[in-house]
Amino acid sequence: MKGERGDLVPVFYGSIWAATLLCSAIYIFVWHKHYNVNICLIFTFVPVTCLGRFLFSISRDLSEALMAQKVVYLGATFLQLFMLFSITDLCCIQLKRWIRALLLVLCGVSYTTALTMGYTDTFYKTISFAMVDGIPRLSRTYGWMHSAYYAVVFLFLAIGFLAICYASVKNLQVPRTIITLLIIPYLFVLASYLGGRDLFGWLDLMPVGYLLAQVMYLIISSRMNLYDVTDTVMDTMVNSQDITFVSFDFKYRYLGSDAMARQLFPELNELAVDDVYGKDNDKRKLRHYLDSFKANPENNQFVYTLHSADGDESKDIIYNVTVSYLYDGSRKRGYMVIFKDDTTNRKYIRLLDTYNDELQEEVAAKTNHILEMHDNLIMSLATMVESRDNSTGGHIKRTSEGVRILVEEIQKEGKLSLTEEFCKDVIKAAPMHDLGKIAVDDAVLRKPGRFTDEEFEKMKKHAEEGARVIHEILFHTDDESFKQLAENIAHYHHERWDGSGYPEKLSGEQIPLEARIMAIADVYDALVSKRVYKEAYDFEKANHIILEGMGSQFDPSLQVAYENARPRLEEYYQRIAGNS
């Protein structure tokens with residue numbers, strides 16, 4: 001019988017250890033990224049403590065027994081700390097960092113003294129080892145640090161119990177279920193400390209108490225995420241694919257996105273984390289959302305339409321786009337762009353508005369009429385602005401044709417991959433490039449001669465004003481890409497390749513491609529046309545000035561396209577001169 005008991009003791013502790021490992025494995029399997037880190041550490045240190053008890057049960061000399069005891073104390077010491085931290089976190093009690101650090105140091109000191117057992121008398125004054133009925137036994141008298149160690153353990157238990165009581169009475173936002181579940185493992189551990197040591201001279205119920213605590217923490221873990229409304233709502237919406245997101249820091253460096261966002265915007269797949277987004281002009285679809293929000297945080301709502309590949313509008317997917325600040329705690333760290341699928345709602349609204357084919361055709365006709373009126377209104381506004389300027393009569397029409405010719409030659413060259421939509425939008429937006437002159441004083445705009453420095457500074461404001469006017473005119477348009485392109489042309493067509501232009505002194509490829517194209521057509525017209533302050537230059541002189549500006553004023557990569565366009569430009573200007 002005695003031998004059998006000696007054989008059963010390792011089996012008992014080994015079984016408890018195996019059960020704690022199983023609980024930890026289950027926890028790992030169901031682990032969620034929002035789980036409390038302190039609970040993770042609890043599931044780490046419980047098996048460590050039970051391993052120590054198992055190792056002690058199979059020890060055969062003092063050295064092995066002491067090593068096993070040190071493993072027991074390692075788990076038990078830090079386990080009490082992380083149980084306390086988990087309780088304060090779950091009870092929404094914020095411990096200051098210095099308090100957490102102090103408690104951690106206290107645990108470290110306590111365990112350090114436990115490591116001295118067998119070497120000094122601070123933890124165990126005397127210690128001896130014997131096998132009794134096949135069961136290892138330690139006979140010891142305790143030193144003062146052992147009493148201090150127990151004082152620390154019971155201090156943690158007392159603080160944890162008080163935290164649970166406080167939350168149950170004062171904080172109604174702490175779920176009652178969690179409070180109840182927190183009390184149970186605490187009672188298990190406390191009962192084990194007070195009455196479960198050395199039963200029958202060989203049995204220690206502490207590992208059983210820890211195992212039962214693990215089971216309760218598994219239940220707590222399964223419940224706690226349900227109470228985190230922010231995380232559960234976000235996870236639900238992302239998993240249902242109703243919402244997708246992209247984040248950037250304040251320098252437009254890419255921070256991350258979900259899989260759906262990378263499908264919507266394939267250029268994100270080519271970005272490494274921390275790459276600046278929007279360097280390439282054909283890969284900056286999201287940039288205008290960020291620019292608009294940065295300029296005015298109240299302007300944070302947009303519409304994005306993902307057009308069907310076969311052109312069938314019924315298959316289009318429509319997203320509501322919201323831009324907001326990206327927060328790290330209470331700190332603003334960047335921008336979050338959120339896309340919410342609003343296709344069903346919008347198509348339902350469309351269906352209500354177009355309940356039969358006849359009405360659909362009527363709506364389409366009226367819509368086209370409105371678009372034509374909108375375009376005519378913009379053109380009329382541009383013409384009206386031009387009529388105020390003594391020196392640029394016909395400039396809008398001529399530069400628009402110049403842009404069209406340049407764009408066609410760029411397409412023929414094939415060096416730059418321009419989409420048909422981009423080319424169409426550049427030509428359509430060209431007449432709007434000087435809309436900002438509406439804000440320039442007549443005394444400056446209609447001056448019959450060269451500007452003074454002060455007058456020129458006033459004139460330069462037309463670029464920034466033009467972008468603002470276009471932004472307001474096109475604010476509610478669904479065609480965000482055209483809106484952004486038109487703003488860019490007005491805003492940046494006086495920037496220079498070398499960075500000496502205005503209003504932002506952008507240089508190189510920082511200048512949007514559409515503005516670089518507009519700049520050549522704008523300057524070419526100014527050279528070959530008569531102004532109040534100069535006569536028209538002949539084509540040779542104008543060509544010499546344009547070529548001389550390649551690499552300083554103009555994008556040198558457009559030189560070949562310009563040279564190919566030159567004969568057509570000269571033919572066009574000769575024709576309109578003959579007709580005038």
Review point. Counting other Cβ atoms within 10 Å of each Cβ, which trypsin sites (Lys or Arg not before Pro) in segment 504-556 have at most 15 and sit in a DSSP loop?
Key: K505, K530
Study note, to complete from the structure: For H307, the accessible surface traced by a 1.4 Å probe with all protein chains present amounts, in square angstrom to the nearest 10, to 130
Review point. Which FRET efficiency value, to the nearest 0.05, do you get for E313 and T44 by plugging their Cβ-Cβ distance into 1/(1 + (r/R0)^6) with R0 = 56 Å?
Key: 0.50
Check your understanding: Quick one: length gained pulling S63 to T305 fully straight, 0.36 nm per residue minus the C-alpha distance?
Key -> 79.8 nm
Practice item. Just check segment 1-144 against the gyration tensor rule for me: Cα atoms, a ≥ b ≥ c as the square roots of the eigenvalues, rounded for a/c under 1.5, and otherwise prolate or oblate depending on whether a/b exceeds b/c. Key: oblate
Practice item. Provide C40, C92, C107 ordered by accessible surface of protein heavy atoms (probe 1.4 Å), highest first. Key: C92, C40, C107
Check your understanding: Going down the table (K96/K332; K397/K460; K251/K415; K415/K458; K483/K530; K294/K458), which pairs top 28 Å between alpha carbons?
Key -> K251/K415; K415/K458; K483/K530
Point to revise | Loop-located GluC sites (Glu not before Pro) in segment 476-580, at most 13 other Cβ atoms within 10 Å (DSSP) | key: E535
Practice item. Go through S557, S529 and list them by solvent-accessible area, largest first, probe radius 1.4 Å. Key: S557, S529
Exercise for review: Under 1.5 on a/c is rounded, so check that first for segment 496-566, then, if it is not, pick prolate when a/b is larger than b/c and oblate when it is not; a ≥ b ≥ c are the square roots of the alpha carbon gyration tensor eigenvalues.
Suggested key: oblate
Exercise for review: Provide W98, W497 ordered by accessible surface of protein heavy atoms (probe 1.4 Å), highest first.
Suggested key: W98, W497
Exercise for review: Determine the gain in length on full extension of the stretch E509-D275; use 0.36 nm per residue of separation and subtract their C-alpha separation, reporting nm with one decimal.
Suggested key: 82.6 nm
Point to revise | Simple label model, 7 Å out from Cα along Cβ direction - Q559 to E457, nm | key: 3.6
Check your understanding: Hey, if you put +1 on the Cβ of every Lys and Arg and -1 on every Asp and Glu Cβ in segment 75-159, which of Y142, T122, S86 ends up farthest toward the positive end of that dipole?
Key -> S86
Review point. If r is the Cβ-Cβ distance from L22 to I184 and R0 is 25 Å, what FRET efficiency results, to the nearest 0.05?
Key: 0.80
Check your understanding: Of the accessible area of segment 84-157, with the probe set at 1.4 angstrom, what percent is carbon plus sulfur?
Key -> 66
Revision key, fill the gap. So for segment 459-512, using the alpha carbon gyration tensor with a ≥ b ≥ c as root eigenvalues (a/c under 1.5 gives rounded; past that, a/b versus b/c decides prolate or oblate), I'd call it oblate
Study note, to complete from the structure: Measure of exposure for F78: accessible area at 1.4 Å probe, Å² rounded to 10, is 40
Revision key, fill the gap. Rounded to the nearest 0.05, FRET efficiency between A295 and L104 (Cβ-Cβ, R0 51 Å) equals 0.60
Review point. Which length gain, in nm to one decimal place, applies between R575 and D328 when the Cα-Cα distance is subtracted from 0.36 nm times their residue separation?
Key: 82.6 nm
Check your understanding: About its Cα centre, how strong a charge dipole does segment 1-157 have in debye, to the nearest 20, once Lys and Arg get +1 and Asp and Glu get -1 at the Cβ?
Key -> 340
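The values are calculated or read from the model by the stated rules, or taken from the named source; none is laboratory data. Please read these numbers as outputs of a predicted model, since none were measured by experiment. Ideal geometry is used to build each Cβ from the backbone, glycine not excepted, and the neighbour counts take in all protein chains shown. Ligands, DNA and RNA are stripped out before the accessible areas are found, and what is left, the full protein with its side chains, is counted by its heavy atoms. Shrake-Rupley method; radii C 1.70, N 1.55, O 1.52, S 1.80 Å.
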